[in-house]
Amino acid sequence: MTAIRGAAAITGAASGIGRALALEFAERGCDLALADRDEAGLKALAAEIGDTRRVSLHHVDVGEREAIAEFATAATAAHPALNIVINNAGVALLGSFEEIDQAQMEWLFDINFWGVVHGTRAFLAHLKTRPEAHIVNLSSIFGIIAPPGQSAYAAAKFAVRGFSESLRHELAVAGSRVKLSVVHPGGVATAIARNSRTGVGVTDNARRAQSIERFEIAAKTTPKAAALRIIQGIERNEPRILIGNDARFMDLLQRFRPGTYWAPLQRKLEKMAKGN
């Protein structure tokens with residue numbers, strides 16, 4: 001069991017799952033080091049938390065390794081008892097492989113994959129000094145299945161999964177007190193689709209609108225419910241945290257049909273989009 005106490009560092013904290021996690025951690029008595037590019041969002045969140053907890057705010061672009069290193073230094077200085085790190089920040093990119101260029105793919109990887117790796121590396125030495133500690137890395141259900149139109153996103157989220165699982169095994173073999181969970185959310189009602197970038201080769205604006213609409217229809221899980229599930233997973237030291245019935249279904253489907261899951265899944269998604 002990992003107790004929710006001490007202090008937590010959260011990236012992507014100004015909105016969505018990160019924001020919900022910050023509120024839930026504060027309610028449980030944790031101090032917080034909150035990072036995001038959205039400074040106004042961070043200030044609004046801090047105001048909502050109030051002065052019951054010690055909260056430090058950090059303007060961080062997780063796509064920049066130096067910024068993450070500076071965040072870790074500042075966060076651990078402000079919160080010496082920091083023992084939970086949540087690498088949550090992420091972005092989305094609309095378009096098939098041939099519709100996105102190399103620069104866009106690298107932009108996404110810098111945030112969704114390297115941001116997780118650099119965040120883990122920057123905090124790990126400090127976490128090893130704590131009596132108990134936990135790293136939480138956000139992958140996606142698209143780190144378990146890979147639908148068309150998500151080649152960059154799925155590649156990065158599969159990479160987060162592989163990195164996290166290997167590191168977890170390394171920590172266990174070493175007898176480390178640091179635990180690690182990788183999170184695979186299904187559809188969570190955040191603004192990630194609305195804030196997504198569009199591939200340079202995508203010329204159909206209606207497709208973007210349709211993609212956002214379909215995501216919002218399918219995104220049944222609230223950020224609060226996702227945060228509560230992650231906290232439960234931390235407390236239980238769960239190595240893999242699936243969020244939502246959709247994620248559990250897709251995980252099971254790919255286990256039974258690892259090479260041919262897409263056809264039945266596509267039919268189910270089309271029915272969901274029609275409201276059936």
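Cross-link partners of Lys220 among aspartates and glutamates, defined as those whose alpha carbon lies under 18 angstrom from its own and excluding same-chain residues fewer than eight positions apart: Asp246, Asp251, Glu270.
Direction-averaged projected area, Cα convex hull, the chain: 14.4 nm², rounded to one decimal.
Taking Val160, Val85, Val200 in turn, the Gaussian network model of the chain (Cα-Cα springs below 10 Å) assigns the largest fluctuation to Val200. Taking the 1.4 Å solvent-accessible surface of the chain as the whole, the part contributed by carbon and sulfur is 52%. Here segment 1-60 and segment 238-252 have alpha carbon centers that stand 25 Å from each other. Charging the Cβ of each Asp and Glu at -1 and of each Lys and Arg at +1, and nothing else, the dipole of the chain about its Cα centre rounds to 1000 debye. What the Cβ-Cβ distance of Glu270 and Glu170 gives, at R0 = 41 Å and to the nearest 0.05, is a FRET efficiency of 0.50. Relative to its residue count, segment 49-144 spans a Cα convex hull of 130 Å³ per residue. Its Cα gyration tensor gives segment 136-178 an equivalent ellipsoid, and the semi-axes of that ellipsoid, as √(5λ) in whole Å with the largest first, are 26, 8, 6.
To the nearest ten degrees, helix 245-256 and the longest principal axis of the Cα atoms of the chain are 70 degrees apart. The share of Cα pairs per 10 Å bin across segment 18-94, counted from zero up to the longest distance, runs 18, 54, 25, 3, 0 percent. Listed by chain and number, the lysines whose alpha-carbon sits under 27 Å from that of Lys128, ignoring those within fewer than 8 places in the same chain, are Lys157, Lys179. Angle, helix 16-27 long axis vs. longest principal axis of the chain, Cα atoms, 0 to 90°, nearest 10? The helix 16-27 is inclined about 30 degrees to the chain. Report the far tail of the P(r) of segment 143-221, meaning the percent of Cα-Cα pairs longer than 22 Å. That tail contains 40 percent of the Cα-Cα pairs. By the Cα gyration tensor, segment 212-254 has an equivalent ellipsoid whose semi-axes, rounded to whole angstrom, run 21, 15, 6 from largest to smallest. A P(r) calculated from all alpha carbon pairs of segment 120-260, with 10 Å bins opening at zero, reads 11, 36, 33, 16, 4, 0 percent. The mean accessible area for residues of the chain, using a 1.4 Å probe and ignoring ligands and nucleic acids, is 47 Å² per residue.
Largest first and in whole Å, the equivalent-ellipsoid semi-axes of segment 93-132 read 33, 8, 5, each the square root of five times a Cα gyration tensor eigenvalue. Please list, by residue number, every one of the chymotrypsin sites (Phe, Trp or Tyr not before Pro) in segment 46-115 that is coil in DSSP and has at most 14 other beta-carbon atoms within 10 Å. For chymotrypsin sites (Phe, Trp or Tyr not before Pro) across segment 46-115 that sit outside H, G, I, E and B with at most 14 neighbouring Cβ atoms in 10 Å, the list is empty. Using only side-chain charges placed at the Cβ, +1 for Lys and Arg and -1 for Asp and Glu, the dipole size of segment 175-276 relative to its Cα centre rounds to 140 debye.
Pair-distance distribution P(r) for segment 188-276, from all Cα-Cα distances in 5 Å bins starting at 0: 3, 11, 16, 18, 20, 18, 10, 3, 1, 0 percent. Placing a label point 7 Å from the Cα of Glu64 along the Cα-to-Cβ direction, the residues of segment 98-138 whose backbone N falls under 14 Å from that point are 111.
The values are calculated or read from the model by the stated rules, or taken from the named source; none is laboratory data. Predicted, not measured: the structure shown is a model, and the values here were computed from it. Counting neighbours? That spans all protein chains shown, and the Cβs are built from the backbone with ideal geometry, glycine included. Remember, those area values only see protein heavy atoms, side chains included, never the ligands or the DNA or RNA. Shrake-Rupley method; radii C 1.70, N 1.55, O 1.52, S 1.80 Å.
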